[in-house]
Amino acid sequence: MKSVPYIILLFLSAINPVNLSAGGFLKVQGKTIIDSSGQEINLRGLGIGGWLLQEGYMFETSGFANTQHEFRKKIEELIGTDSTNLFYEAFRKNFVTRRDIDSIAAWGFNSIRLAMHYNLLVDAADPDTFLTAGFDIIDSLVAWCRENQLYLILDLHAAPGGQGHDAPISDYDASKPSLWESTDNQDLTVILWKEIARRYAQEPVIGGYDLLNEPNWELGASHQILRAFYGRLTDAIREVDTNHIVFIEGNWFATDFNGLTPPWDDNMVYSFHRYWSDYTTSSIQYLLNIRNNYTVPLWMGESGENSNAWFTGFIKLLNQHGIGWANWPYKKTSSVTGPLTINKPAGYQVLLNYWNGSAAKPTRDFAYNALMELTDSLRLEHCVFHPDVVHAWITFPGNDQCIPFRDHTLPGRIYCSDYDMGTQYTAYADVDYQNISGSAGGGSWNSGGKYRNDGIDIEVCSDDITNGYNVGWTNAGEWMKYTVDVAESNSYIASVRYSDQSATGKIRLEVDQTDVTGSVSIPPTDGWQNWKTQILGSFLLEEGKHTLRVVTETSGFNLNYIDFSIGTGNNDPEIEPEQLFNVTWDSHTNCPVIMAYQTSTIPYKIELFDLSGKKILSDYFTGAYPVEQNLPCGLYFVAVSNATAYSSQKIIIHNL
């Protein structure tokens, strides 16, 4: 993958900039959150995970180091404690910079949810010692957010001891007491939140305090333990800060609010998380009931790890009900589900192979250099940007427009994976395009998992000419739409670059919703990455903007690109265009005769157009073909193509 220049990232203007004037704290008013001017604000957030707390799946270490403390131990075993400290310093310096925050604002988000690890903020061995490393990061983030008119919501993702059995989320170590099994851990959490509130009590950039991310523990039949602990945290915060909202998450991954109502604070919001579910009103009705029964706002504080179609459908639902939200996560390796993909260095892959048991132990110097290379790849300008993901959250909910993913000018080549950005049945149609199963592994919306985050299945392509990717796993009736700019009115020949393991497939092209090629067979190529070219046909195109649809009429073939050429397009350098056919005149029948320069047993396609662009003839023939005698006198275009070449010319039909 290639990195994307920074300027490309600033493609959206901020929508309804937030009000961060002096004293401009977010507040709860009835069922809504308002800003300092009294206007309701709909939080559109981006969750920054992986920065101050590494979950194994974000860096492909789940198989051997699912938690941050396990990951750090693996690194220390290779390069030692001092070098590991240097690695983490560089990691935290590069993962988020001012450039990241500028871009997040430009994309249209108005808030950030920062996932924090307690061990960067307080010394567990000395609760009276607060650590500058973590607070310096927050201070920098506050300054960058202020300059970009963004709210910053502080989220305690990893509390002392860990707040759940799902270890990577909170860096829980099962060999030690959890948050719920240690009064010391609970006391330390209270001390930490009081210190955070003291430091930022007068800072309006802070949108609120998300007290505990996704607790998942047996905490009593009606969660009385969780409610009591939330009460302690709220009381400690209110001793030093009466300005900021406190966000309260339910048990079992912020889904179960049993026992957590009614609210115990007048500036409180219930925060739920949602993954892999249906997005109907009935699916969130129990949450709407809480809002209505207790006159308290809701916030969807975390969701993601799904397809663009699901993002758009879910956010549309939340917007309809006036519920703010935050996407998760911002960036990670080898994934297309977030705004940024971290380019995984080759050296880091060597380390992963070693840790997975498939490679020899690297030297200390190699390991250190590989890890430092990883920290450099974290920088925004070295990541791959996914505008389709951002548009799915910001632009497309409630909006069926298409936005070109790439500029396509004809004549030219269109890579099939570069279809327009938009929703299912607007920009594309795919059989499997989202996961609403209720579980992480319950459904796949992209079998290839590369390049784009829609239902269209995309994989790495090994053809000689490629943008790096091809469309695969095709099903009958699927299609992709492209916005194209035709440079000049003319007759165009279209050919497809494809591969097909064993069965003949069928494909057609549509321009402005009109079939221009008919159903074209593409024979097997005897390999999924064994590529061949097939001419699809020729047709007239007028200068200007058009929409092109590539429709797969059968299942089971791969698509690399579609080529469009004018007039004498030729894919075989050994065949000159003028060698393909000749037009002679038969004086006895008063009609042209089209003669192809090839053996009479090899079929070729003849297409005939009138001046309006209407296709009069399109069929396959062998030998010579006399044009039908009943055509009116006038000027026509004739095009002849075989498997490797194409040629066209004008003919005039006249009376003797």
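Among the residues that make up the range 202-216, is at least one of them surrounded by fewer than 19 Cβ atoms within 10 Å (Cβ to Cβ), farther than 23 Å from ILE41 by Cα and among the charged types (D, E, K, R)? For the range 202-216, residues surrounded by fewer than 19 Cβ atoms within 10 Å (Cβ to Cβ), farther than 23 Å from ILE41 by Cα and among the charged types (D, E, K, R): absent.
Does THR295 fit the bill of being assigned by TED's automatic domain parsing to the domain that holds ASN213, among the polar types (S, T, N, Q) and within 27 Å of the chain's Cα centre (by Cα)? Steps first, please.
Values: assigned by TED's automatic domain parsing to the domain that holds ASN213: yes; among the polar types (S, T, N, Q): yes; within 27 Å of the chain's Cα centre (by Cα): no.
So THR295 does not fit the description; no.
The residue that is farthest from LEU380 (Cα to Cα), counting only those in the range 73-95 that are β-branched (Val, Ile, Thr) and in contact with a Lys or Arg (Cβ under 9 Å, 6 or more places away or on another chain), is ILE79.
Any residue at all in the range 23-35 that's assigned by TED's automatic domain parsing to the domain that holds LYS331, more than 25 Å from SER175 (Cβ to Cβ), within 24 Å of the chain's Cα centre (by Cα) and modelled with pLDDT of 95 or more?
no
Within the range 146-170, residues that are aromatic (Phe, Trp, Tyr) have Cβ atoms under 9 Å from residues that are in a helix (DSSP H, G or I) in these pairs: TYR151/CYS145, counting only partners at least 6 apart in sequence or on another chain. I'm trying to understand the selection: among the residues of the range 27-69, which are of a type in the set (S, T, N, Q) and surrounded by fewer than 21 Cβ atoms within 10 Å (Cβ to Cβ)? Hits for the range 27-69 are GLN29, THR32, SER36, SER37, GLN39, ASN42, SER62, ASN66. Within the range 336-344, is there a residue that is within 30 Å of SER277 (Cβ to Cβ) and polar (S, T, N, Q)? For the range 336-344, residues within 30 Å of SER277 (Cβ to Cβ) and polar (S, T, N, Q): present. Based on this model, can you work out whether ASN258 counts as in contact with an Asp or Glu (Cβ under 7 Å, 6 or more places away or on another chain) and either buried (at least 23 other Cβ atoms within 10 Å of the Cβ) or part of a loop (DSSP other than H, G, I, E, B) (or both)? Considered against the rule, which asks whether it is in contact with an Asp or Glu (Cβ under 7 Å, 6 or more places away or on another chain) and either buried (at least 23 other Cβ atoms within 10 Å of the Cβ) or part of a loop (DSSP other than H, G, I, E, B) (or both), ASN258 comes out as no.
Would the range 186-201 turn up any residue that is in contact (Cβ under 8 Å) with a residue 12 or more places away in the chain, assigned by TED's automatic domain parsing to the domain that holds ASP128, part of a loop (DSSP other than H, G, I, E, B) and more than 21 Å from GLU239 (Cβ to Cβ)? Steps first, answer last, please.
Let us first name the residues in the range 186-201 that are in contact (Cβ under 8 Å) with a residue 12 or more places away in the chain, namely 186-201.
This time we only want the ones that are assigned by TED's automatic domain parsing to the domain that holds ASP128, so: 186-201.
Checking the rest, the ones that are also part of a loop (DSSP other than H, G, I, E, B) come to 201.
Subset that is more than 21 Å from GLU239 (Cβ to Cβ): none.
Within the range 186-201, none of the residues are in contact (Cβ under 8 Å) with a residue 12 or more places away in the chain, assigned by TED's automatic domain parsing to the domain that holds ASP128, part of a loop (DSSP other than H, G, I, E, B) and more than 21 Å from GLU239 (Cβ to Cβ).
Going residue by residue through the range 313-326, is there one that turns out to be at pLDDT 95 or above, assigned to a helix (DSSP H, G or I) and buried (at least 23 other Cβ atoms within 10 Å of the Cβ)? Among the residues of the range 313-326, at least one is at pLDDT 95 or above, assigned to a helix (DSSP H, G or I) and buried (at least 23 other Cβ atoms within 10 Å of the Cβ), which makes the answer yes.
Pairing each residue of the range 387-407 that is β-branched (Val, Ile, Thr) with any residue that is surrounded by fewer than 20 Cβ atoms within 10 Å (Cβ to Cβ) and in a loop (DSSP other than H, G, I, E, B), provided the two are 6+ apart or on different chains, yields C-beta distances under 6 Å for ILE394/GLY108.
Annotation: of all residues in the range 91-142 being surrounded by fewer than 17 Cβ atoms within 10 Å (Cβ to Cβ) and of a type in the set (Lys, Arg), the one that is nearest to TYR348 (Cα to Cα) is LYS93.
Taking the listed residues LEU219, LEU233, LEU211, the one that is free of Cβ contacts under 8 Å to residues at least 60 places away in the same chain and under 35 Å from the mean Cα position of the chain (by Cα) is LEU211, with no other qualifying.
Yes/no per residue for (1) β-branched (Val, Ile, Thr); (2) modelled with pLDDT under 95; (3) not assigned by TED's automatic domain parsing to the domain that holds THR423:
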{"residue": "ASP463", "(1), (2), (3)": "no, no, no"}
{"residue": "THR483", "(1), (2), (3)": "yes, no, no"}
{"residue": "TYR492", "(1), (2), (3)": "no, yes, no"}
{"residue": "THR504", "(1), (2), (3)": "yes, yes, no"}
{"residue": "GLU542", "(1), (2), (3)": "no, yes, no"}
{"residue": "THR547", "(1), (2), (3)": "yes, no, no"}
{"residue": "VAL550", "(1), (2), (3)": "yes, no, no"}
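The values are calculated or read from the model by the stated rules, or taken from the named source; none is laboratory data. No experiment lies behind these values; they were computed from the predicted model shown. In this analysis, Cβ positions are derived from the backbone assuming ideal geometry, glycine residues included, and neighbour counts consider all displayed protein chains.
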